[in-house]
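First the structure, in the form of structure tokens, and then the observations on it.
The values are calculated or read from the model by the stated rules, or taken from the named source; none is laboratory data. As the structure is a prediction and not an experimental result, all values here were calculated from the model. Positions of Cβ are backbone-derived with ideal geometry, glycine not excepted, and every protein chain shown enters the neighbour counts.
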Amino acid sequence: MRFNEYGPNFDLLLDQGLADEVVLITYPVLPGRCKRLLSDSIDARELAFVDSKTTPTGLLINTYKHFGALKK
């Protein structure tokens with residue numbers, strides 16, 4: 001399943017343990033106002049870095065494995 005931007009479905013997938021991988025694509029932009037990636041309404045998640053690729057246009061494609069809720 002693919003989301004072009006953050007939304008409530010993304011939180012739901014992580015919260016229910018239905019996502020095992022997160023791919024974050026970062027576009028080179030100028031500093032300014034932005035939307036938060038994750039909502040404050042869900043618990044912190046444990047992610048492990050897996051891979052990173054850079055495209056010729058400067059995009060960063062970072063892959064993380066999702067392990068569930070962050071252990072306290």
| query | What tally of residues in the stretch 43-66 results from selecting those that are closer than 18 Å to G17 by Cα, surrounded by 10 or more Cβ atoms within 10 Å (Cβ to Cβ) and either in contact (Cβ under 8 Å) with a residue 40 or more places away in the chain or within 13 Å of the chain's Cα centre (by Cα) (or both)? | reply | 8
| task | Just give me the residues in the stretch 15-72 being of a type in the set (D, E) and either assigned to a loop (DSSP other than H, G, I, E, B) or at pLDDT 90 or above (or both), in sequence order. | result | D20, D40, D43, D51
